[in-house]
1. Can you name the number of the only condition in (1) at positive phi; (2) in contact with a strand residue (DSSP E or B) (Cβ under 6 Å, 6 or more places away or on another chain); (3) buried (at least 17 other Cβ atoms within 10 Å of the Cβ) that Leu55 fails?
2. For Val411, state whether it is in the same structural domain as Ala466 (by TED's automatic domain parsing), at pLDDT 90 or above and either of a type in the set (Gly, Ala, Ser) or surrounded by 19 or more Cβ atoms within 10 Å (Cβ to Cβ) (or both).
3. Mind listing whichever residues of region 12-56 are under 19 Å from the mean Cα position of the chain (by Cα) and not in a helix (DSSP H, G or I)?
4. Among the residues of region 251-266, how many are in a helix (DSSP H, G or I), free of Cβ contacts under 8 Å to residues at least 60 places away in the same chain and over 23 Å from Ser386 (Cα atoms)?
5. Working only within region 311-331, note down all residues that are loosely packed, with under 15 Cβ neighbours inside 10 Å and farther than 20 Å from Gly57 by Cα.
6. When you go through (1) in a loop (DSSP other than H, G, I, E, B); (2) within 30 Å of Gly127 (Cβ to Cβ); (3) touching a residue at least 40 places away in the same chain (Cβ under 8 Å); (4) not β-branched (Val, Ile, Thr) one by one for Tyr94, which number turns out not to apply?
7. Tally time: how many residues in region 444-476 are in contact with a strand residue (DSSP E or B) (Cβ under 6 Å, 6 or more places away or on another chain) and surrounded by fewer than 17 Cβ atoms within 10 Å (Cβ to Cβ)?
8. Check Val282, Val321, Val331 and return the single one that is farther than 23 Å from Ile407 by Cβ, among the β-branched types (Val, Ile, Thr) and not assigned by TED's automatic domain parsing to the domain that holds Val252.
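The values are calculated or read from the model by the stated rules, or taken from the named source; none is laboratory data. Owing to the predicted nature of the structure, the values given are computational and were not obtained by experimental measurement. Glycine gets a Cβ as well: all are built from the backbone with ideal geometry, and neighbour counts include every protein chain shown.
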Amino acid sequence: MIKARIRGIYSQSLTRIMLQNHFEMVQPTPEVARRFGLPYRAEIPDVDIWDRSDLQGIVAIAYESILRKLTDVLRRRLGWVITRTPRVAKSSIYKGVVIGRDDKTGYTRVNIGPIIGLLPEFSPERGRSIMVQVKAHDYGRKAPVLSSNITIPGKAAVLLPDPVVRLSTKIKGQKERGSLLAIGRKLRVHTEPWGILWRTAATRLTDEELYNEIENLLDTAQKIEDSFNQIAETGLLFEGTSNADIEFPAEVKEALDKTRAKIRPTIQHHHFYKSAGYASLVDFAEMMIEDRPNDREYVRSKLEKVIGRDMPKVEDPINIVHTKLDGRCIVLSKGRVVDSNNNAFLIRRQFRHTTRKLKMTPESVDGVVVPRDEGDYSITRVVPGSMILITDYYSRENKHKGTYVNINTGVEVYPSNGSVPSTIRYVDLEIDVVAPKRGQTRIIDQHLLKRAVQRGFITEEMADLARAKAKAEYRRLVSNVKSIA
């Protein structure tokens with residue numbers, strides 16, 4: 001059984017799903033322990049899960065095999081889960097071969113087998129074999145950053161390349177700090193040339209368990225050295241833990257709401273409201289409903305009325321956050337709400353030109369001047385929950401230049417928080433449909449969608465749904481052109 005520790009706004013729904021799929025919960029919060037009748041277990045987790053900083057999903061840290069199982073379970077139960085993992089895990093140790101200097105960064109390029117890494121420390125001769133460790137993985141980077149200063153991480157301790165004894169800064173108690181330092185100094189006599197760093201998990205272990213932890217790590221260090229000498233060229237010597245960035249778009253939040261509703265009274269859009277910053281208000285409303293179930297609709301209406309005050313209105317500024325499948329967040333040019341009715345918004349944005357957006361000219365190259373049409377603007381129709389954003393582009397003389405249909409996860413409209421305007425948010429599914437006024441209507445960027453499946457960001461089933469949506473929009477646009485003609 002895989003041991004999991006979960007924290008954050010998704011903890012109750014995820015706990016239910018994971019318990020039903022042969023995970024064990026350790027170190028549960030008091031609320032989760034009470035809801036599920038779980039005993040408190042102080043064991044070290046195999047997978048640690050907590051909220052992303054923007055509350056749009058979770059971060060999970062574990063070995064790659066465990067992350068694959070977690071991802072499979074979440075996708076099977078929740079559908080549109082978007083997962084981003086590095087191609088090589090942080091702390092993994094490889095036998096690499098130096099292949100030369102990187103002209104852009106000045107670092108040494110090292111072939112470690114699955115990918116080329118960058119070593120900033122020194123530049124040994126080309127073709128030399130070297131042991132390196134991943135210090136910063138390739139998530140959001142073109143290449144992982146490597147180090148030749150090897151550490152051997154365990155669950156409760158880390159072997160360091162320097163002859164020292166150190167403690168995690170998270171260990172605050174003077175008694176625990178003193179005890180661990182004393183044990184570390186005794187062990188240092190036998191760990192040469194390695195030093196010891198005690199992790200927070202060490203505070204929960206007995207002296208005997210701590211001794212065993214260090215013995216196991218020393219055995220691991222020796223196996224790594226032996227493997228380095230036995231492998232002919234490049235290869236993995238030690239698997240580190242990976243960080244999985246798991247995004248929950250609108251469709252997943254809705255599925256999580258339904259799961260949580262089986263545990264306790266849950267307001268519709270519970271997880272969306274919490275990710276929007278209304279956690280305390282939602283908790284209060286659901287406590288009221290639990291105590292007074294007959295007043296459910298009254299409480300829900302009052303909650304929606306309070307949140308509705310912060311939703312975008314005509315003439316309000318509004319941001320559009322265009323999130324890519326690889327995790328990049330692109331804030332589009334700021335717009336303004338020009339109309340709002342039937343839960344839909346029309347947003348106007350101003351541009352310097354729209355020719356490239358409608359793919360009517362090739363991509364720019366050095367030395368080529370691309371004509372710019374000053375004063376172009378767009379009108380985007382936004383429907384919360386919709387898998388498409390339809391944008392019509394116009395010249396400053398109000399002549400229609402074309403239509404661009406973005407295929408995406410369900411659109412979410414986040415309310416203003418006073419200092420920041422309301423925000424439209426979705427995850428772009430790469431594939432789009434363009435219909436220039438003077439040109440051919442076509443589906444574009446299908447290769448980017450295929451690449452996203454290959455990288456494991458989304459499943460083939462999700463890609464098929466995106467393709468089907470794009471084809472439906474293509475047929476609609478072509479039909480409209482024919483009817484006008």
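1. All conditions pass for Leu55, except number (2).
2. Details: in the same structural domain as Ala466 (by TED's automatic domain parsing): yes; at pLDDT 90 or above: yes; either of a type in the set (Gly, Ala, Ser) or surrounded by 19 or more Cβ atoms within 10 Å (Cβ to Cβ) (or both): yes.
Considered against the rule, which asks whether it is in the same structural domain as Ala466 (by TED's automatic domain parsing), at pLDDT 90 or above and either of a type in the set (Gly, Ala, Ser) or surrounded by 19 or more Cβ atoms within 10 Å (Cβ to Cβ) (or both), Val411 comes out as yes.
3. Val47, Asp48, Ile49, Trp50, Asp51, Arg52, Ser53, Asp54, Leu55, Gln56
4. Result for region 251-266: 1.
5. Scanning region 311-331 gives Lys313, Val314, Glu315, Pro317.
6. In the conditions (1) in a loop (DSSP other than H, G, I, E, B); (2) within 30 Å of Gly127 (Cβ to Cβ); (3) touching a residue at least 40 places away in the same chain (Cβ under 8 Å); (4) not β-branched (Val, Ile, Thr), Tyr94 misses (1) alone.
7. 3
8. Numbers: Val321 fails: farther than 23 Å from Ile407 by Cβ; Val331 fails: farther than 23 Å from Ile407 by Cβ.
Just one listed residue meets the conditions, Val282.
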